[in-house]
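Participant: Shown below is the structure under consideration.
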Amino acid sequence: MKVNGPFCTGCDHPWIVAGGGQVYATYDQARRHFLSRSSDGGLTWTESVIAKANAVGFPEGGVMDATGNAYFAWADCRTDDCTGTNAGVYSVSVTIAGTSKTRFFKVASTPGGPPCPYDPNCGFAYFGVQDDIAIDSAGTLYLVWQDGQDHSVDGSPPIVQLSRSSDGGHTWTYVGRVDDKSASGCAGSSCYALFPRIEAGAPGHLGVMWKDDRFGSPIDHKNGWNVWLRTSNDAGGTWTGPSRRVSGYDPRLPESKPNGFLFPYGDYQGIDLTPSGRIAMIWGQGTSYAGGPTLPGHVVFRSMPQRG
């Protein structure tokens, strides 16, 4: 079934959540933020423009609470090229259960991300704004978001931050930094921590994954990429230890090297917590942004127990 209606002709970044007989999908086209809703299991859809804001909107994840309200994470670019000291804005949209009534609440802002060093270039703002949302069984919302380690400098090496909300997304509290990219390697903290994803389970239990190139040799952001995982049992107040390297060397894959892979397909990854307490992760990796038949990328899956 076609989800988008007549208003969106070049839709991008679709995200979907479902429950309580309702299905919600968000997507974007330039500055228009769209929500499409179905109340019959996806057979028919009603599209709404829920915001016209910023230069480019990007939905990046969605969750639903116990009463059926839908929440989506947005990482928008304020400028056409998504550069500058105030290039990105992170917000969460809250859609009332069984309706298309939606409000947006700002969480944070960020400078523009660094340029992607690969040839050919990686497309629009590839190392720029990204975020993701999670909800635990107590109803607390969490947002991980990419920032510059120097918040006032355009193109500063990215880091991963965490905020949370205990009132249904209306107000947000900054919790702290998640990544520990400088734990080893990463001379001068010059490596990049990118593409954060988050999942939550029992109250306060979090798993966060990201990619960084701390093992780059040299740190030129074209080698040494790995997937990292960190967990918390107290809503991000503390972490159960240093991050764990999730990705590993696989000599069968041309992009895989002992110190990491060559290119991070950052848009293509996800994380889940299973009922048995394991963390399941999937990600993309490759040799370059271009890829192609001679240098294909690969999708890799791994599960592991949650620490703590």
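The values are calculated or read from the model by the stated rules, or taken from the named source; none is laboratory data. Owing to the predicted nature of the structure, the values given are computational and were not obtained by experimental measurement. Cβ placement follows ideal geometry from the backbone for every residue including glycine, while neighbour counts extend to all protein chains displayed.
Participant: Consider the range 197-238. How many of its residues are in contact with an Asp or Glu (Cβ under 6 Å, 6 or more places away or on another chain), assigned to a strand (DSSP E or B) and either within 15 Å of ARG164 (Cα to Cα) or aliphatic (A, V, I, L, M) (or both)?
Facilitator: So the answer is 5.
Participant: What's the number of the condition ASN121 fails, among (1) within 21 Å of ASP81 (Cβ to Cβ); (2) outside the structural domain of TRP74 (by TED's automatic domain parsing); (3) surrounded by fewer than 17 Cβ atoms within 10 Å (Cβ to Cβ); (4) polar (S, T, N, Q)?
Facilitator: Among (1) within 21 Å of ASP81 (Cβ to Cβ); (2) outside the structural domain of TRP74 (by TED's automatic domain parsing); (3) surrounded by fewer than 17 Cβ atoms within 10 Å (Cβ to Cβ); (4) polar (S, T, N, Q), the lone unmet condition for ASN121 is (2).
Participant: Restricting to the range 284-299, name every residue that is in contact with a Gly (Cβ under 8 Å, 6 or more places away or on another chain) and either in contact (Cβ under 8 Å) with a residue 60 or more places away in the chain or surrounded by 14 or more Cβ atoms within 10 Å (Cβ to Cβ) (or both).
Facilitator: Answer for the range 284-299, where residues must be in contact with a Gly (Cβ under 8 Å, 6 or more places away or on another chain) and either in contact (Cβ under 8 Å) with a residue 60 or more places away in the chain or surrounded by 14 or more Cβ atoms within 10 Å (Cβ to Cβ) (or both): GLY284, GLN285, GLY286, THR287, TYR289, GLY291, LEU295, GLY297, HIS298.
Participant: I'd like the residue in the range 41-100 that is touching a Pro at 6+ places or on another chain (Cβ under 8 Å) and part of a loop (DSSP other than H, G, I, E, B) and, out of all such residues, is surrounded by the most Cβ atoms within 10 Å (Cβ to Cβ).
Facilitator: Going through the qualifying residues, I end up with ALA87.
Participant: Could you please give the count of residues in the range 232-261 that are crowded, with 21+ Cβ neighbours inside 10 Å and either over 18 Å from PHE301 (Cβ atoms) or modelled with pLDDT under 95 (or both)?
Facilitator: Here the count works out to 3.
Participant: Now a separate question. Tally the residues that are more than 19 Å from the chain's Cα centre (by Cα) and either aliphatic (A, V, I, L, M) or within 23 Å of GLN269 (Cα to Cα) (or both), restricting the search to the range 20-29.
Facilitator: The total comes to 1.
Participant: Would you be able to tell me the number of residues in the range 253-275 that are assigned to a strand (DSSP E or B), of a type outside the set (Lys, Arg) and over 21 Å from ALA125 (Cβ atoms)?
Facilitator: Of the residues in the range 253-275, 6 are assigned to a strand (DSSP E or B), of a type outside the set (Lys, Arg) and over 21 Å from ALA125 (Cβ atoms).
Participant: What are the residues in the range 173-195 that are touching a strand residue (DSSP E or B) at 6+ places or on another chain (Cβ under 7 Å), touching a residue at least 60 places away in the same chain (Cβ under 8 Å) and surrounded by fewer than 17 Cβ atoms within 10 Å (Cβ to Cβ), if any?
Facilitator: If the condition is that a residue be touching a strand residue (DSSP E or B) at 6+ places or on another chain (Cβ under 7 Å), touching a residue at least 60 places away in the same chain (Cβ under 8 Å) and surrounded by fewer than 17 Cβ atoms within 10 Å (Cβ to Cβ), then TYR174, GLY176 are the ones that fit.
Participant: Mind checking which residues of the range 30-51 are closer than 16 Å to SER93 by Cβ and in contact with a Phe, Trp or Tyr (Cβ under 8 Å, 6 or more places away or on another chain)?
Facilitator: ARG32, HIS33, PHE34, LEU35, SER36, ARG37, GLU47, SER48, VAL49, ILE50, ALA51 - these are the residues of the range 30-51 that are closer than 16 Å to SER93 by Cβ and in contact with a Phe, Trp or Tyr (Cβ under 8 Å, 6 or more places away or on another chain).
Participant: Counting residues that are among the hydrophobic types (A, V, I, L, M, F, W, C) and farther than 21 Å from ALA97 by Cα, which strands (runs of 3 or more DSSP E) fully inside the range 117-169 reach at least 2?
Facilitator: Those strands (runs of 3 or more DSSP E) span 141-148, 158-165.
The rows are residues; the columns are (1) under 20 Å from GLN22 (Cα atoms); (2) touching a strand residue (DSSP E or B) at 6+ places or on another chain (Cβ under 9 Å).
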position	(1), (2)
ILE50	yes, yes
ASN54	no, yes
VAL63	yes, yes
ALA70	yes, yes
ALA73	yes, yes
GLY98	yes, yes
VAL107	no, yes
PRO111	no, yes
PRO117	no, no
